[in-house]
Amino acid sequence: MKKKLLKQMIFIGISTAVAAFLLCTGVFYGLFRRQIMEELQGYGQVLSQSEEKVRSGNFAFLQGYRVTVVDSDGIVIYDSNVEDSAAMENHSNRPEIQEAEKEGEGYDSRLSKTLDKSMFYYAVRMEDGSIMRVSKESNSIWGLMFHSMPICVVICIMICFTCICCSKVLTDKLVEPIDRMAGDLQRLNTDDVYPELVPFITTIRKQHENIMKSALMRQQFTANVSHELKTPLTAISGYAELIENGMVPAKDTASYAARIHTNANRLLTLINDIIKLSELDDMESELKPELFDLSDLAKKCIDGLQMTARKRNVYIQFTGSGKCMLYADPSMIEELLCNLCDNAIRYNNPGGKVWVEISTRSGGRPVLTVRDTGIGIPGEALEHVCERFYRVDKSRSKSTGGTGLGLAIVKHIVSRHNAELEISSEPGIGTRISVIFPSQNKD
């Protein structure tokens, strides 16, 4: 950044110097040309008032100036720089001569063939109809630029040196707050930096806090995963070791094998939920949305859970009216449905009920609602139920095989579909969870 600023400031300095040189040269040349024209006009006016002096040809007092007299036909009568003026070409086509014939006086300047000299002319009409012209040769604008080039190079070098010194000081001052930001962003006082950097600092701080929070959550998640995996693995290992060493009576072998099977299933369920949650955490993974009937998907999900519901003596049914088309990722919505229904069954009471309702709110917003008559959730726990491995009743969760990741997965799926999640519950009465999807109306 410092190098870039330094280069830019040097470039600006040199560009400014060159532009100033060209501008000043043009202005000075304009003033110089005006001064010469005024001198020529002054001499011409004086000479035009004395025809005798013009005819005498005595112009010694006009050193550096050239006087030419042309008759009304353009024939040169006299030229102070040429002995044989009769041999000169006709001057009737000269702009200053033509202008003097019409207006009484005329001006012109022409660049010489060498491109380093300019000729300035002033012509005035005499009383007898002849034209007297006074001219002077001087450096052209290119000549002035060429002659002033050495001093301009020196000035440019001085400007470059000054730019390097100034830009280094200014760059250090400009970058100083940024360097302090890099050193200690958290302790940096926003009063000590440029106002333009305050939003940038605020954003960086928030991102830093989010990163730290995310890192802490991942650390906690890793610790929780290790603990959750360790429990069933320890049980499986212990039961298997007892069977291996012949310490289990033959009549109890089937019971121990069932315990191993139960913990193995719990372990597989936990691993599947962790994998699913990791996939949802990857925000770069693209959704695969398509248009489908949410009611049909809900019915299929209920059919697949009927056996689980019967085992727990829970009645589950679908309520809704007609089709409800939804544009979303069907595999994710199926995962969401299965998690909500599985929780409603798992944390229900024997003889309890679960209702899966599909409806539509105003504006064409599909709504999926799962209600149950289960144990319910205390009010202080409602804001935590979507956290990973959070369990309202830890003993019951482990006995029913819950992983504590179901609602965390639901929350992720809801977020990926820009939907809303509403949870209401009363302990001992039941829980109601609704997912409100974005409007499906197409303008």
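Being more than 31 Å from the chain's Cα centre (by Cα) and either open to solvent by less than 70 Å² (accessible area, probe 1.4 Å) or at pLDDT below 80 (or both) is true for just one of ILE201, ILE243, ILE178. Which residue is that? Answer to the check: ILE243. Here is the figure for the range 76-94: residues that are outside any loop (DSSP other than H, G, I, E, B) and of a type outside the set (A, V, I, L, M) total 3. Scanning the range 346-367 for residues that are within 30 Å of GLN220 (Cβ to Cβ) and open to solvent by less than 40 Å² (accessible area, probe 1.4 Å) yields a total of 2. Residues in the range 227-239: is at least one open to solvent by less than 80 Å² (accessible area, probe 1.4 Å), among the charged types (D, E, K, R) and at pLDDT below 90? Yes. With respect to (1) open to solvent by 40 Å² or more (accessible area, probe 1.4 Å); (2) at pLDDT below 90, the lone exception for LYS299 is condition (2). Among the residues examined, GLU422 qualifies as under 36 Å from the mean Cα position of the chain (by Cα), surrounded by fewer than 15 Cβ atoms within 10 Å (Cβ to Cβ) and modelled with pLDDT of 75 or more.
The values are calculated or read from the model by the stated rules, or taken from the named source; none is laboratory data. Values in this document were obtained by computation on a predicted structure and should not be read as measured data. We place every Cβ from the backbone using ideal geometry, glycine too, and count neighbours over all the protein chains shown. SASA here: full protein model, heavy atoms, side chains in, ligands and nucleic acids out. Shrake-Rupley method; radii C 1.70, N 1.55, O 1.52, S 1.80 Å.
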